[in-house]
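> My questions will all concern the structure given below.
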Amino acid sequence: MDLQAMLACFASASCLVTQTTGGLISGMLLFLVAAGLSLIFGTLKVINFMHGSLYMLGAYFAFTIYNVTGSYALAVLGAALGVGLFGLVFERLFMSRVYGTDVLMQLLVCYSFILILDDAVKIIWGAEFRSMGMPAAFQRPPIMVAGGVLPVFYLFLIGITVLVALVLGFLITRTRIGKIVRAAAVNPTMASALGINTTMVYAGVFALGSLLAGLAGALAVPVRSLVAGMGFSILIESFIVTVIGGMGSVAGALVGALLIGLVRSFGSIGFPLFTEGIMFLFMTLILITKPTGLFGKEL
Amino acid sequence: MQDSRKEPKNRRKFIKAASAITAAAGIGFPFVSRAQNKPIRIGMPTILSGRVAQLGISSRNSVTTEVEKFNAAGGLGGRKIEIITRDSKGKPDEAANNTRQLINGDGCEIIIDAESSAGAFAVQEVIRELKVLCLHTNSETSSLSADPKIRVATAFRTARQGIHDAIVSATYAANVAKAKGLRTWMSCSPDYAYGRDNTSLFMQYLKRFQPDIEMVGEAWPKLFQADYTENITKILQAKPQALYSALWAGDLVSFVDQAGIYNLLGQTNMFAINMADYTTLTAVKNLPQGIHSSNRYIKTFPANAENAAWADDYKARYGDYPTNWSWENAVAMNFIVSAIRKTNSTDSAKLADAIRGMKLKTPFGADGTITMRPEDQTTVGYALGWGTTIPKEPYVPNVTPGDWKAIFEHESEWKKSLGYT
């Protein structure tokens, strides 16, 4: 533990800027994955254990599209839509068959697909790690603010994820689609009786959640190496985020992800050997004091 | 009086018995003949899935090539080598189970342990019990062979050894530090046994060779961590003049990519011991110029035609250049083949006696040879060196070779200090 270093960081503008933006970047990517996970759980009441694999698919799709077209914008768009479509097909063919069943059955279906997708990635892209490299548009020196370092690509990432968070928030709270989704989440039987096609709602929400995971993978690919199984670690962190924020709450996912990002960023200075521990400790505290999470509702 | 009704039954019994004897004879005699020609089974516990699958794949590739050469040359009196690989997925308990199964279940007479260090120590305990010849090909943790309590009579190591690398690395880094005036240092290595041991040894020798250096911080990312932002920003805050890293493979690629967008490598001198391996060098899309690295494997060091031809043949066959693990496994197979030919046997004790002290002519040796040092059953004399990267082939054009005389001197002191000798 190095409290002196942490206090010195709080007293330094450059350290504050660098560590805060670093935390925001980590948190924002985590938010995209966790938001999808939370959205699916909130509406469908299933825990999508293969959400990390969708993140991995997004990264590989973007890698391939970028190598073919040379356009990062197309790569991100194509990967997000591709994973969204994959999620739709997966939900219709497999996941929809285990709604309302024991959680172990859902876990089994998801786990089998984690293994299938990992092997598929190895067959298609190879077992060795891959790297896409930074698109030319972002190959420029970082911006200096108050002595702190702000990489241009990370500013772009923050911008995109803030936009996604706003659109998602607007969609769920201010639109008719959002009302339908919320109705289907709260009382699917009543929603169905009122003429809402809940099957379509479920498929749409699963596809949207998958799209968000794919988008996160595509956005991360210029700075993360690609390898089969890469979704596992982000899945664990996403679960921590959803537990902290509250299962089913997109706003909770945002707050939880940012908290985790900032805790890791500043923790690496103050508690370098206990950064991971802090995350789990934080989660445990939330579970004890507010088991439904910061923004979760009683089930 | 004999019951005539029993006759047909007895006849049938006789015919059955005769058929059985004939069949047994027919099967039995060829069985003896097959025993003479039965393959020499070599078991290979390794990692073939997950983020370090390349370890197992590139190890298996080079072993396969050497086995094919042996078999094409007629094998051992007609006995061909058959390789059986098993995937531990990087789990030590599975590595131990697989080794046991390979020996007891599959009848393997020799083990090439191509596990990482975590698995190698588990395999070593199985070898201690079953006393089969074993060559550890990928574990670099020094104590595996240096510590007499861990050493096993039939187990050898053909992997490079941590202490050798630490001495050469620190000698090179101290010279650069002296020339460039690099006083403040930091480390960023993976938080597990290899990362900690490697970094600790490097720093220990660096301080010894260049006493005025100062450590200004440490960052310990998890193994296979995806996001290094927190570590990079921490390094930026500490502003070290030099950074040492034992990150490797995909982790090192991610770190270099992420450090690039912070321009970290423009502000510090990076010493990445595991950079100069083709899978890593080619995976980093915008490989920065001037990263200092040890030679994991590059075809231009040692600079000899056989080394370059070996790498080109490997690439032509498998599509990628070989890795550090490839040459270490090729050397293991060369030792095994030489011992089999020398003893005309596959008996583990005889093979171990033959390998102990054996000097092998190989393109990977600093002077064209690698020796299996008898006292601790580990290889010495392999090519070690450091240089700086350029973004295209040959990637590390000028490698400064390590001095084996200095390695032996410091290693001997190190062993004494730990009570190994």
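> Amide H to amide H, which residues 5 or more places from B:K89 or on other chains are under 5 Å from it, using H placed in the peptide plane?
When sequence neighbours closer than 5 places are left aside, the close amide H contacts are B:L48, B:S49.
> Sum up the charges of everything whose Cβ sits under 14 Å from the Cβ of A:M190, counting Lys and Arg as +1 and Asp and Glu as -1, but leave A:M190 out.
+2
> Here is a further query. For A:R174 and B:K69, FRET efficiency with R0 = 60 Å and r from the beta-carbon atoms, rounded to 0.05?
So the FRET efficiency works out to roughly 0.25.
> Please arrange A:K122, B:K315, B:K239 by accessible surface area, largest first, computed with a 1.4 Å probe and ligands excluded.
B:K239, B:K315, A:K122
> With a 1.4 Å probe and every protein chain kept in, tell me what percent of the accessible surface of segment A:129-194 is carbon plus sulfur.
Carbon plus sulfur share of accessible area: 70 percent.
> So which residue, out of A:L39, A:L104, A:L171, gets the largest mean-square fluctuation from a GNM of chain A using Cα contacts under 10 Å as springs?
A:L104
> Would you mind giving the average projected area, over all directions, of the Cα convex hull of chain A in nm² with one decimal?
With every direction weighted equally, the projected area is 16.5 nm².
> Residues with beta-carbon under 11 Å from that of B:A354, excluding B:A354: net charge, scoring Lys, Arg +1 and Asp, Glu -1?
Charge balance in the 11 Å sphere: +2.
> Follow-up. Give the separation of the Cα centroids, segment A:61-100 to segment B:191-205, in Å.
First find each Cα centre; the distance between them is then 41 Å.
> Compute the long axis of helix A:231-245 from its Cα atoms, compare it with the longest principal axis of the Cα atoms of chain A, and write down the angle in degrees, 0 to 90, nearest 10.
Between helix and principal axis, roughly 80 degrees.
> What is chain B's relative contact order, in percent, from Cα pairs under 8 angstrom and six or more apart in sequence?
15 percent.
> May I ask for the Kirkwood hydrodynamic radius of segment B:74-206, worked out over all distinct Cα pairs and given in angstroms to one decimal?
That comes to 16.7 Å for segment B:74-206.
> Which one of A:I234, A:I116, A:I25 has the biggest mean-square fluctuation once chain A is modelled by GNM with Cα springs under 10 Å?
Highest fluctuation among the options: A:I116.
> Let me ask something additional. Which value in deg cm²/dmol, rounded to the nearest 500, describes the helix-derived mean residue ellipticity at 222 nm for chain B, given -39,500 (n - 2.57) per DSSP H run of n ≥ 4 and division by the residue count?
Value at 222 nm, helices only: -15500 deg cm²/dmol.
> Which lysines have a Cα lying under 29 Å from the Cα of B:K178, excluding residues fewer than 8 positions away in the same chain?
Hits, sequence-local ones excluded: B:K207, B:K234, B:K239, B:K392, B:K405, B:K415, B:K416.
> So, one more: Among A:L29, A:L273, A:L254, determine the one that fluctuates most according to a GNM of chain A built with springs between C-alpha atoms less than 10 Å apart.
A:L273
> Also, quick follow-up: Could you pull out every residue, at least 5 positions away or on a different chain, whose amide H is within less than 5 Å of the one on B:L223? Hs are placed 1.01 Å off N in the peptide plane, and Pro or chain starts have none.
B:D191
> On to the next question. May I ask you to rank A:I124, B:I273 by accessible area, largest first, using a 1.4 Å probe over the protein chains only?
My answer, sorted largest first, is A:I124, B:I273.
> A follow-up question, please. What relative contact order, as a whole-number percentage, does segment A:3-289 give when Cα pairs under 8 Å and 6 or more residues apart are counted?
This gives 41 percent for segment A:3-289.
> Moving on to the next point. Can you list the lysines whose alpha carbon is less than 24 Å from that of B:K91, not counting same-chain residues fewer than 8 positions off?
Once the sequence-local lysines are set aside, what remains near B:K91 is A:K122, B:K131, B:K149, B:K222.
> Roughly how large is the B-A contact in terms of buried accessible area, totalled over both chains, probe 1.4 Å, nearest 100 Å²?
Result for this pair: about 3000 Å² buried.
> In units of 2.2 N^0.38 Å, what is the alpha-carbon radius of gyration of the protein assembly as shown?
1.10
> Nearest 10 degrees, 0 to 90: what angle lies between the long axis of helix A:275-289 and the longest principal axis of chain A (Cα atoms)?
Taking the Cα atoms of chain A, the angle to A:275-289 is about 50 degrees.
> Rounded to two decimals, what ratio of Rg to Rh does chain B give with C-alpha atoms and a Kirkwood Rh?
Here Rg/Rh amounts to 1.12.
> Here is a further query. Nearest 10 degrees, 0 to 90: what angle lies between the long axis of helix A:72-93 and the longest principal axis of chain A (Cα atoms)?
30
> What residues does segment B:225-244 have that are buried by at least 30 Å² of accessible area in the full protein assembly compared to the chain on its own, 1.4 angstrom probe?
When all protein chains are present, B:A226, B:D227, B:T229, B:E230, B:T233, B:K234, B:Q237 each give up 30 Å² or more of accessible surface.
> Could you go through segment B:267-275 in sequence order and give the Karplus-derived ³J(HN,Hα) for each residue, using 6.51 cos²θ - 1.76 cosθ + 1.60 with θ = phi - 60°, rounded to whole Hz, and x for Gly and Pro?
Rounded to whole hertz, the list is 10, 9, 8, 9, 10, 10, 4, 9, 6.
> Further, regarding this structure: Run the simple label-point estimate for B:A316 and A:R140 please: 7 Å along Cα→C-beta, distance reported in nm.
My value for the distance between the label points is 4.7 nm.
> Helix-derived [θ] at 222 nm for chain A: sum -39500 (n - 2.57) over DSSP H runs of at least 4, divide by residue count, nearest 500?
-25000 deg cm²/dmol
> Suppose all protein chains stay in the model; what accessible area per residue would a 1.4 Å probe give for the protein assembly as shown, in Å²?
In whole numbers, the protein assembly as shown has 41 Å² accessible per residue.
> Report the Cys residues of chain A lacking a disulfide-compatible partner, meaning no second Cys Cβ under 4.7 Å from their Cβ.
Singleton cysteines: A:C110.
> Would you tally the net charge around A:N67, using a Cβ to Cβ cut-off of less than 15 Å, leaving A:N67 out, and scoring K and R as +1, D and E as -1?
Surrounding charge for A:N67 is +2.
The values are calculated or read from the model by the stated rules, or taken from the named source; none is laboratory data. All figures in this text were calculated on a predicted structure; none of them were measured in a lab. Glycine gets a Cβ as well: all are built from the backbone with ideal geometry, and neighbour counts include every protein chain shown. Accessible surface is based on the protein model in full, side chains and every heavy atom, while ligands, DNA and RNA are left aside. Shrake-Rupley method; radii C 1.70, N 1.55, O 1.52, S 1.80 Å.
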